[in-house]
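No value in this document is a laboratory result; all are computed from the given coordinates. Just so it is clear, the model here is predicted, and its values are computed rather than measured. Ideal geometry is used to build each Cβ from the backbone, glycine not excepted, and the neighbour counts take in all protein chains shown.
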Amino acid sequence: MSSAAFVTIFVMADLRLVQTTSSAAPSLPPLIARLGLHDELLLTEFEGFGMPVVGRTVAQAKQDPGLARLARDRYGIEVLIDPDTWRNQQPVSDRPKGFQKASFALDGVLNLSSRTLSASELSTYARLTLQDLTEMRATIYIAPYHLGGGPDCPIRSTDLRLLRRSANAFRSLRLNEPRPGERFPVERRLYAGIAIRPGDLLDPAARQMLVHLYAAVDVSGYLVKVVGLSEDSPLDQVTAAADFVFNLYIRARREVVLGGGKNLALAFVAAGLPAAMLGIAEGEVFHASSGGRNQGGKPIYCSALWRSVRPSTLAATLRAEILFDKNPCDCGHHKPKQLPNGQHQLKLHTLTKRLHDFRAVSEWLDAAAERQMAARVSELDVVAQEAGYSATSEAFIAVVQAAAQARRRAQRSSEYEER
């Protein structure tokens, strides 16, 4: 490997933490808001309410380290930091500037398809990542991971080896323990990161093997990021992604967070997934490229439609105005029958309504999720028709159906094993 990062020698003594009495790690909120640059206002104006955990990418955390300090020291909020190590597979020019400040950022393209990592490189990669996440005040660590294929993919094989090294280092360094003198002590956790394209999940046998491989590693949970996943994805890809995510949740019996998914993330939480992590009015879909940033007008989330509308043209703006006029918004951050005006109102509106909707669907019972989703989709279709929008995607129902089927298979398997 060309980068000097993997020959860096650093002292790990600074990472060792003292043992302190603390309560068990709290449950995840249904929505983990991934706060971007200049999103400190979302913490201060909400006083942390409704956000026991916030998310950050490593690039955001490096560019704006004050937000994590504010979250931990003033409000006692947990911080999940995604190291986005998959960006080492990109050309350097395609990576965010903040990512380049990480000690694990390489100075060249990491091609794990043609060259695996040695044992020493794996150990150093894992330790550098854990070191940076510790310094950036993470309480939920994501182990280094890369965009790979199915169980036979060499990238996936390297990722699993890297995950095991990270889990061993996390335990040996006692990184789960609170910091000395911490105002809000909390048990820290290590999650596996899984980045995969939806096409690599279409084979049921490959999905089952991936679940088996990741469930076998001793971590506290998983952050699953499926490239391009949203309510606009093809139904076979949505079903495959949901089947994988819920089988992993059921088999591993650990927390699973969906990273991205746009508005379809609501369906995953409605079907019983512990949490989803989304950017607020930006970065709502996982794009494994230098693109993926919002183009044109900023999307405006409409709770009555479960959809983000984009007033990027005169016609689109008029239709969005009609939507809000017919369905007044009660977020309290802008006039009810008007669109949010400016970035400040947009961010506060989006966070308020996102938190509300994710909290509402998280209260659905698993047994009733299919019926409740069908009823909700019917309501959404009425709103869409009245405002001139297309019908609601069938993907919402496909997710809850896939989750229900995964539970039924697990129940049958359990009953068979008991005989």
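For Met277, Met373, the sequence from fewest to most other C-beta atoms within 10 Å is Met373, Met277.
Relative to the longest principal axis of the Cα atoms of the chain, the long axis of helix 395-418 lies at roughly 50 degrees. Over the chain, Cα pairs under 8 Å with separation of 6+ residues give a relative contact order of 15 percent. The orientation-averaged projected area of the convex hull spanned by the Cα atoms of the stretch 186-282 comes to 6.4 nm². Counting neighbouring beta carbons within 10 Å and listing from fewest to most, the residues Asp330, Asp94 come out as Asp330, Asp94. Cβ-to-Cβ counts within 10 Å put Phe324, Phe268 in ascending order as Phe324, Phe268, the fewest first. The calculated 222 nm mean residue ellipticity attributable to helices in the chain amounts to -13000 deg cm²/dmol, summing -39500 (n - 2.57) over DSSP H runs of n ≥ 4 and dividing by all residues. Rg/Rh, computed from the Cα trace of the stretch 362-418 with Rh as the Kirkwood radius, has the value 1.18. Relative to the dominant Cα principal axis of the chain, helix 154-172 is inclined by about 70°. With the cut-off at 1.5 for a/c, could you classify the stretch 188-242 from its C-alpha gyration tensor as rounded, prolate or oblate? Since a/c reaches 1.5 but b/c is at least a/b, the shape of the stretch 188-242 is classed as oblate.
Computed from phi, the 3J(HN,Hα) profile of the stretch 117-129 under the Karplus parametrisation 6.51, -1.76, 1.60 (θ = phi - 60°) reads 9, 6, 4, 5, 5, 4, 5, 5, 4, 4, 5, 5, 5 Hz, with x in place of Gly and Pro. May I ask you to work out the translational diffusion coefficient for the chain at 10 °C, viscosity 1.306 mPa s, via Stokes-Einstein with Rh from the Kirkwood sum over Cα pairs, reported in whole µm²/s? Translational D for this selection: 72 µm²/s.
With no solvent and one point per C-alpha, what does the Debye sum give as log10 I(q)/I(0) for the stretch 300-415 at q = 0.11 Å⁻¹? Ignoring solvent entirely, the Cα scatterers give -0.44.
Entry note, the stretch 123-220: relative contact order of 34 percent, from Cα contacts under 8 Å with a spacing of 6+ residues. Only Lys, Arg, Asp and Glu carry charge here, each on its Cβ (+1 for the first two, -1 for the last two); on that basis the stretch 11-279 has a dipole of about 700 debye about its Cα centre. Sorting the Cα pairs of the stretch 28-141 by distance into bins of 10 Å, from 0 upward, gives 14, 42, 28, 13, 2 percent per bin. Ignoring aspartates and glutamates fewer than eight residues from Lys337 along the same chain, the ones with Cα atoms less than 14 angstrom from its Cα are Glu321, Asp325. Farthest towards the positive end of the charge dipole of the chain, among the residues Ala252, Asn168, Ile397, is the Cα of Asn168, using unit charges on the Cβ of Lys, Arg, Asp and Glu.
For the chain, the longest principal axis of the alpha carbon atoms and the long axis of helix 204-215 meet at an angle near 60°.
Rounded to the nearest 20 debye, the dipole magnitude of the stretch 300-415 is 280 debye, with +1 charges on Lys and Arg beta carbons, -1 on Asp and Glu beta carbons, and the Cα centre as origin. For the chain, modelled as a GNM whose springs connect Cα atoms under 10 angstrom apart, the maximal fluctuation among Pro154, Pro180, Pro234 occurs at Pro180.
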